[in-house]
Amino acid sequence: MDNDLQLEELRQQMTELRQQLDRQEIVNESLIRQSMTGKMSWIKKYIWLEVAMIPLCLLILAPVHAVMGLSWWLFAFLAVMLIVDVAADFYINRVDKNQLLTGNLVEASRKLVLMKKQRAWAFALGLLGVIIWFVWFLYELRRVAGSFAQDFLNGFAQGGFVGGIIGAIIGLTIAIVIFRKMQRTNDEVLASIDQLTHEA
């Protein structure tokens, strides 16, 4: 009789222990899923910052184009390039928060891998667009410097040339840093998904 009671108590303890472990796994999975959504959230904030910066950049550059006599086609090319770049960022970096929190993680993993590939293509195409714009910009500066004899405009064109090169180097550096940070964020979330799917 005592042996039966002890055996029953042992069964109850094992059941309680199993339930506690199950609850712990659920809590751990929930924390990891919340961590994943937190990691991805900065990308969305960054894209909204990009949206806010477009009109500001164009408002600053429009008077510069007017004063220096640069082509408005160049300005239009830049405006279209900025808008397309941000639209591509919106499309590529869209993340369904619910899928990360409660959805199928295998499917989420596929989307994140695809996101990395699309982001790499978008970065390469964006870099090509910047090179085209920059060469065009330098050509325009040369045209402006050659068309006017005034010291002010010549000095302005030379300043624009130097400023353009410095700005291009700084802009390219920032773009590479942000691109790599986005890719690294995807890698971190993919590692978390891999951890969860292997534990399941």
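Structure data summary
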{"item": "Some residue of region 31-38 being among the aliphatic types (A, V, I, L, M) and at pLDDT 80 or above", "result": "no"}
{"item": "Given (1) farther than 26 Å from Phe179 by Cβ; (2) surrounded by 12 or more Cβ atoms within 10 Å (Cβ to Cβ); (3) at pLDDT 90 or above, number of the condition Phe77 does not satisfy", "result": "(1)"}
{"item": "Unique match (being β-branched (Val, Ile, Thr), modelled with pLDDT of 80 or more and surrounded by 13 or more Cβ atoms within 10 Å (Cβ to Cβ)) among Ile166, Ile178", "result": "Ile178"}
{"item": "The lone exception for Met53 - which of (1) more than 30 Å from Leu141 (Cβ to Cβ); (2) modelled with pLDDT of 65 or more; (3) aliphatic (A, V, I, L, M) it fails", "result": "(1)"}
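The values are calculated or read from the model by the stated rules, or taken from the named source; none is laboratory data. A quick note: this is a predicted structure, and the numbers were derived from the prediction, not measured. Note that we place each Cβ from the backbone using ideal geometry, even for glycine, and neighbour counts take in every protein chain shown.
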